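The values are calculated or read from the model by the stated rules, or taken from the named source; none is laboratory data. Keep in mind the model is a prediction, meaning the values are calculated, not measured. Cβ sites come from the backbone with ideal geometry, for glycine too, and all protein chains shown count toward neighbours. Surface areas here come from the heavy atoms of the whole protein model, side chains and all, with no ligands, DNA or RNA. Shrake-Rupley method; radii C 1.70, N 1.55, O 1.52, S 1.80 Å.
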Amino acid sequence: MELGIDCFMPANGETAVIKTALPVRAVIDQGLLMKSKQKYEMNPPDPKRPCLVHGVLVVKDDVLTLMDSQKAAVELGLTKQELILSCPVPLPDDSQPATALAKISNKVQKDLVNWEVTRRDDSFCIQSVDVSLRQKDQSAKFEILVKWLYEDDELGNYILKMVKSVLEE
């Protein structure tokens, strides 16, 4: 069976655009729309790029609906699988671990003023992005571990770049 369009699977993290001859109408879930609007207002994206909305396209009763992945999983009776990305960043030998983490936390809080930063003893987090201090293996060396959910990939990568820039100073 041939669909008449070039079908391909985009690589992870890529966006696929499928051009159609006729408009395809879809309903967007109100909760997803508000969540995306709030995220956009807190950190407006580059105006040269399209505003991305992360959701799941569900066909139910002959209606296409773009919904939040968690809500779609509940409605379809599925267990949601989460992809967690992580990146360890080694601390320079001459830096004090607690001081380095405090500098990173202060920089993040200064740059992302509209975002809520939750601090703990040896870590802090913003949404699903967790920045923590941990000891490497059995050695006396430390590293900063940055972890985030795939849904917060843009924020996770932004904070990872910030961590690296602070440690290079």
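What to note about this one:
- Between 163, 131, the distinction of being without any contact (Cβ under 8 Å) to a residue 60 or more places away in the chain, crowded, with 17+ Cβ neighbours inside 10 Å and among the aliphatic types (A, V, I, L, M) belongs to 131 only.
- Flag if residue 78 is part of a loop (DSSP other than H, G, I, E, B) and at pLDDT below 85: no
- In segment 51-69, the residues that are open to solvent by 90 Å² or more (accessible area, probe 1.4 Å) and either of a type outside the set (A, V, I, L, M, F, W, C) or in a helix (DSSP H, G or I) (or both): 54, 60, 61, 62
- Residue within segment 106-118 that is part of a strand (DSSP E or B) and either touching a Cys at 6+ places or on another chain (Cβ under 8 Å) or under 30 Å from residue 68 (Cβ atoms) (or both) present: yes
- Cβ pairs under 9 Å, 6+ apart, first in segment 98-117 and free of Cβ contacts under 8 Å to residues at least 24 places away in the same chain, second of a type in the set (S, T, N, Q) and open to solvent by less than 60 Å² (accessible area, probe 1.4 Å): 117/105
- Segment 25-39 residues that are over 10 Å from residue 66 (Cβ atoms), paired with ones that are charged (D, E, K, R) (beta carbon under 8 Å, 6 or more apart): 31/68; 31/71; 35/68
- Condition check for residue 104: open to solvent by less than 80 Å² (accessible area, probe 1.4 Å), out of contact with any Pro (no Cβ under 6 Å at 6 or more places or on another chain) and of a type in the set (A, V, I, L, M, F, W, C): yes
- Scanning segment 136-151 for residues that are within 15 Å of the chain's Cα centre (by Cα) and open to solvent by 20 Å² or more (accessible area, probe 1.4 Å) gives 147, 149, 150, 151.
- Residue 95 meets each of the listed conditions (1) open to solvent by 40 Å² or more (accessible area, probe 1.4 Å); (2) modelled with pLDDT under 85; (3) of a type in the set (S, T, N, Q) apart from (1).
- Any hit, segment 152-167, residues being assigned to a helix (DSSP H, G or I), within 30 Å of residue 29 (Cα to Cα) and among the β-branched types (Val, Ile, Thr): yes
- Segment 28-46, residues that are surrounded by 12 or more Cβ atoms within 10 Å (Cβ to Cβ) and at pLDDT 80 or above: 28, 29, 31, 32, 33
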